[in-house]
Amino acid sequence: MATTHLTPAERTTRDDRIRQLAADNLSHRAIARQVGVHHTTVARILRTAPEPTERTTPAPAAPAAPVERTITLTSGEVRAPRLLHDLDPRTIQDLNCLMDARTGALPEPIRRYLRAAADARRTSLRATAHRFAAEERTAETGRAPSRAQVAP
């Protein structure tokens, strides 16, 4: 079968004819003989959706607002976690690249590493806060606190 260059209008007419013959339950090879193309061309045309000339389905609705994740504080209050400081844009890009596109979650080894690093930082901050509180109590009472009062 010779290769011919069709105008877009001719191609549309040919594709419509192929789809009509397929709707009449002709085989790909029978359609190919009638239209004058290879049977794999018929299969390819039938695999692809016809170009819509006019929207037949309603326009998609605006995307739903993302579900806000919440955490429960030790006080029992439920609220969305938030960042206290702006992240470096490169860090945000790195995290976006590492996230699973289907679930939006980070891979488990990365989550474990981040959690361990954050827990270590929290422990350090708690120890500092306890030390400051102990120093304030010492300044108020004039005596040094016992070791049991300064928990890390």
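The values are calculated or read from the model by the stated rules, or taken from the named source; none is laboratory data. Source: prediction; values computed, not measured. Every residue, glycine among them, receives a Cβ derived from its backbone with ideal geometry; neighbour counts consider all protein chains shown.
Observations on the model:
- Number of the condition not met by Leu26 [criteria: (1) of a type in the set (A, V, I, L, M, F, W, C); (2) surrounded by fewer than 11 Cβ atoms within 10 Å (Cβ to Cβ); (3) modelled with pLDDT of 85 or more]: (2)
- Gln93 meets the conditions (1) outside any helix (DSSP H, G or I); (2) polar (S, T, N, Q); (3) at pLDDT 85 or above in every case but one. The failed one is (1).
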